[in-house]
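These notes are about the structure you will find just below.
Quick note: the coordinates plus some simple rules give every number you see, no bench work behind them. A quick note: this is a predicted structure, and the numbers were derived from the prediction, not measured. Cβ placement follows ideal geometry from the backbone for every residue including glycine, while neighbour counts extend to all protein chains displayed.
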Amino acid sequence: MTFRPLRNSAWLAALVFVFSARPAAATIDYRVSLKNPEQHVFHVSMQVPVPAHEKELVVAIPAWNALYQVLDFGYRVRDVHASSPASGAPPLHVRKLDKQTWRVSLSPAGARSVGIDYAIEWNDAGPFNSQLNIHHAFVNFAEVLMYLPDRRGEDVTVKFEDVPAGWQSVAELPAGSAANSYTAESYDKLVDAPTEIGTFEQFGFDVNGAHFRVVVDAKEWRRDRLESYLRRITEYETKLMGGAPFKQYTFFFHFGPYPEVGGGGMEHANCTAIAAGSMEGAGTIAAHEFFHAWNVKRIRPQTLEPVDFTKEQYTRALWFAEGVTSTYGAYTLERSGIWPKDEFYGDLAAQISELDSRPARLWQSVEESSLDAWLEKYDEYRRPERSISYYNKGQIDGVMLDFAIRDATDNRKSLDDLLRRMFEDYAKQGKFYNDSEDIRAAAEEVAGTSFADFFEHYVAGTDEIPYDKFLNAAGLALKVEMRKAPDLGFWTVGGRTPGSVVTVSQVEPGSAAESAGLRPGDVLLELNGAEVPRFFPGWLRDRSPGDTLKLRLRRDAKEIEVSFALGTNEEKKYSVAEIAHPTDKQKRIREGWLRGTTN
């Protein structure tokens, strides 16, 4: 049955009741065939126990998973049919109800088990997707396996069949009785643990009483560097949070060509999947994703519980769940010695520069950005004048709140104490917090002072952050200089996934792009003789005003070429510097902030 977790001790009693009341035989069994992987099609068979009184069975495929984007995995499903195991029984009638739901009529009545078979196609790289090809399989189960909406709490088993010779599988799940099989106590537990199948390499190490497995799918990588990064990251974060909340944790890494976006990662309760283009990128992403083992997977907002796979699930707390996790990603890299102090300062300055470059900061709060996460799949929404990032401003808010707590307590308490308090009060008690309201309450309990103004103006509101006020507490100052930056003179949409086209959406009036004849609707085919980048801001970082841009494009079924020089855009460049002659308190706060200590 589906249940809604409660915000008090009754939650634990309800949870015990739900699972203890479940019939022991009610195990839903999945078989997933990898036959002919070059066709990129998973062939799935479900075997579902059915109570005698049931007259129909409803199954569904999630509309979203991992990313806060409704991506409608149902469009990938085909050839759904059902059957009864009774000898000579005719196929059962299957009726599609909507884009993600099917109803199976149980005739003749009294069927004790129903088989449901279907095919689903996936060949999308990355930690947020699933993929099957001749190289490997990577499976996010919510994107591949159907579920019973009213029976998500039942035991499940999954077995991979027709696994190519030489391939092995790994998942952060209990192993089943057969090779390449796994078990989980519920559908939700199952889909929180992706699986890698192929000829990957792996190694392990132990830190602070927990075992860590590292699974790597790559042609070129260096174990020594990767292991060094991961040991330092896991050592610092487990110590910070008072130990690991698990006995074992798995890092899945895919190394490949991710130059435009730098890769990405997806958190899970006891593992993470990361795509990166370099060892350094892998370390940066891992510092963020591993902290999610506490913040969001266990310290979790009520607005995300229980997970609703059918539609958007709105929350105002992503600035904390994601943004403050980014705060700790940076803290971990500096405090563990992976980043030098100057790089740490540079990262904070870059975050401030990014927020300042977005006019939308003046009207969209970081809470509103959290609510609007579901719009991020639209290119127009991500434009600077339309939105800010809850990752970006949330990270900044985390640092500023840390300074405020340290200042108010003479460096006796910090943001670290706030995270540990929320872990004790919510995660360990089986409770969920009420978005920003409970975050503020916890901060005030830790610091012994009100943070009403902070949350009103910089979390729920859109006031400009007075950086010098917060930085000064640590003997720091924000410096600014104007610099000339390259300007494309046009905006694009599309190109976010491999193979999708990049189309010009707007051309800036009076720009060199307009003078060269570029028009909205032009499809970009080639840039300077190479593939069109999927992320133009990243591409522009290595360019200068006046550099020549040569575009091959398609317009009205014809291919043409245009050439023009990149324009010039004046922008602010920020830097964080230590002030001369800081007070004793400022020095103590700064050293405590850098080292992760208090007095």
Residue-span extension gain [residue 135 to residue 568] - 0.36 nm each, minus C-alpha spacing: 151.4 nm
Which values, in whole Å and largest first, are the semi-axes of the equivalent ellipsoid of the range 153-300 obtained as the square root of 5 times each eigenvalue of the Cα gyration tensor? 24, 21, 14
Name all residues of the range 464-489 having a backbone nitrogen under 20 Å from the label point set 7 Å from the Cα of residue 587 along its Cα→Cβ direction, giving them as ranges. 471-477
Take peptides 144-155, 424-435, 568-579 and line them up by average Cβ neighbours within 10 Å, highest first, as a rough protection proxy. 144-155, 424-435, 568-579
Kindly state, to the nearest 0.05, the FRET efficiency for residue 52 paired with residue 95, given R0 = 25 Å and r defined as their beta-carbon distance. 0.70
Projected onto the charge dipole of the chain (+1 at Lys/Arg Cβ, -1 at Asp/Glu Cβ, origin at the Cα centre), which of 200, 129, 273 gives the Cα projection farthest towards the positive end? 200
Treating the beta-carbon of each Lys and Arg as +1 and of each Asp and Glu as -1, no other charges, what is the dipole magnitude of the chain about its Cα centre, to the nearest 20 debye? 780 debye
Rg/Rg_ref, the range 10-198, where Rg_ref = 2.2 N^0.38 Å and atoms are Cα: 1.02
With Rg and Dmax of the Cα atoms in Å as the read-out, I listed (i) 25.9, 89; (ii) 29.4, 86; (iii) 24.9, 77; which label goes with the value calculated from this structure? (i)
If we sort 392-399, 416-423, 544-551 on the protection proxy, mean other Cβ atoms within 10 Å, highest first, what's the order? 392-399, 416-423, 544-551
If the cut-off is a Cα-Cα distance under 18 Å, which lysines reach residue 587, setting aside same-chain residues fewer than 8 apart in sequence? 341, 413, 469
For the range 312-475, what is Rg from Cα atoms divided by 2.2 N^0.38 Å, rounded to two decimals? 1.02
Can you tell me how much longer the chain between residue 311 and residue 449 gets when fully stretched, taken as 0.36 nm per residue apart minus their C-alpha distance, in nm with one decimal? 45.8 nm
For the residue 165, residue 531 Cβ pair and Förster radius 41 Å, calculated FRET efficiency rounded to 0.05 is 0.75
As a footprinting exposure proxy, order 562, 215 by other Cβ within 10 Å, with the fewest listed first. 562, 215
